[in-house]
Amino acid sequence: MKKTITLTLTALGLAGLLCCQTSAQPVQIPGRGNDVITFPNGDASWADRVFSFGPGNPAAAPDYAVPEQALGRPDVPENGGKASTSLGRGGSIVLEFVDNRLIDVEGYDLYIFEVGPEVEDTLVEISEDGTSWIEVGTVTGSTSYVDIGPVTQPGQQFRFVRLTDDPNEGGRSGRYVGADIDAIGAIGSVSGQDIQSPDNPSDETAMNPPNDNPASPGPEGYCDAVSFYLPGTGVYTVGNEFPQSVVGSPDQQLMGGNSLRLGEGGSVIVLMSKYRAVNAPGDDILVYGEIRGPIRVDVSDNLTDWTTLGHVKPNQGRIELGEIHETRYIRLVEEMDGTFGSVIDAVGVSKVRRIR
């Protein structure tokens, strides 16, 4: 059951925030109305990476449903509405702090910059590892401050924040349906050596490039996040339409709800949150599942400029990067050929480089 928290900023709470120890230069950002929010950890306060994105139904227009627009400092006043990410009705986004962690301090700990003509209720959850989640509550109306203290333990550091649009609030159609997220900032924040168990980036890692057996990448060689999904024709609600089913290693349960049906003309964009795919001898991108017709494979570094590598076909779910040295995003597009929907179980790569 959802827990709704009503939040009000107080002078005492703000004073407590400024006691947070940090060597960074604090920044102040305008909030709603006359509010000015102080982020003691400065430019390290913002979410840095999209871990996953599941657009709602209906989804927002493509220009308003780009998840990366929720990263970094809030910029809607300068760049207009397309600088935010509209979740769609009931949609969800998971954002990751890379160079800092969200912590509990006295007063409020997190601020959500939700913009647009309507302010929809949004469920807020946090996680240390992206697997186990703590429900913090719901930001309602124009209230965007979050206190994680009541539901956390001393010393916990949180890397992930999940925001889910309340499907019963706001409009149910339009170009930017659902909550419109411009940015999230950690008011309670640590960075640098204060981060517990920091990541240790490694060099390029070969995933044993496949020959006859494509199921050879290690755990880090599988795409673990979905950036975009557009179902094609011939997709029915039979448990194979949830885009997050394509992340992780293949489980071979193609019709049991653990895979993704693209549909004629459908597409999905996947990525690895901690790694980049690197060109290696042999096949580089591995597509697992039931491929019923040709699937076009495109790659990109920025979700704007795409390079088409070619097609994977039935029993040939592998393709080389060709002239591309390395890439981050992989897009699968099912061609309109009357085969009515390949089922994708997972997407892997044969060699990776850790993102530093």
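The values are calculated or read from the model by the stated rules, or taken from the named source; none is laboratory data. These numbers come from a predicted model, not from an experiment. Cβ atoms come from the backbone with ideal geometry, glycine included; neighbour counts cover every protein chain shown.
Things worth noting here:
- In segment 229-242 there is no residue that is at pLDDT 85 or above, under 12 Å from Ile344 (Cα atoms), outside the structural domain of Phe160 (by TED's automatic domain parsing) and of a type outside the set (Ser, Thr, Tyr).
- Going through (1) part of a strand (DSSP E or B); (2) in contact with a Gly (Cβ under 8 Å, 6 or more places away or on another chain) one by one, Gly293 falls short only on (1).
- The residues in segment 250-264 that are within 22 Å of Val349 (Cβ to Cβ) and at pLDDT 80 or above can be counted, and the count is 2.
- Given (1) buried (at least 22 other Cβ atoms within 10 Å of the Cβ); (2) among the aliphatic types (A, V, I, L, M); (3) touching a residue at least 60 places away in the same chain (Cβ under 8 Å), index of the condition Val333 fails: (1)
- Residue check, Asn41 assigned by TED's automatic domain parsing to the domain that holds Val124, under 16 Å from Leu110 (Cα atoms), surrounded by 12 or more Cβ atoms within 10 Å (Cβ to Cβ) and at pLDDT 80 or above: yes
- Any hit, segment 79-88, residues being in contact with an Asp or Glu (Cβ under 6 Å, 6 or more places away or on another chain), in a loop (DSSP other than H, G, I, E, B) and modelled with pLDDT of 55 or more: yes
- Which listed residue is buried (at least 22 other Cβ atoms within 10 Å of the Cβ), closer than 30 Å to Asp99 by Cα and in contact (Cβ under 8 Å) with a residue 12 or more places away in the chain, from Gly348, Gly289: Gly348
- Filter pass, Glu120 being assigned to a helix (DSSP H, G or I), assigned by TED's automatic domain parsing to the domain that holds Ile181 and modelled with pLDDT under 90: no
- Residues within segment 288-315 that are at negative phi, aliphatic (A, V, I, L, M) and at pLDDT below 90, tallied: 2
- Matching residues in segment 154-185 - criterion: being more than 14 Å from Ala70 (Cα to Cα), buried (at least 18 other Cβ atoms within 10 Å of the Cβ) and modelled with pLDDT of 90 or more: Gln157, Phe158, Arg159
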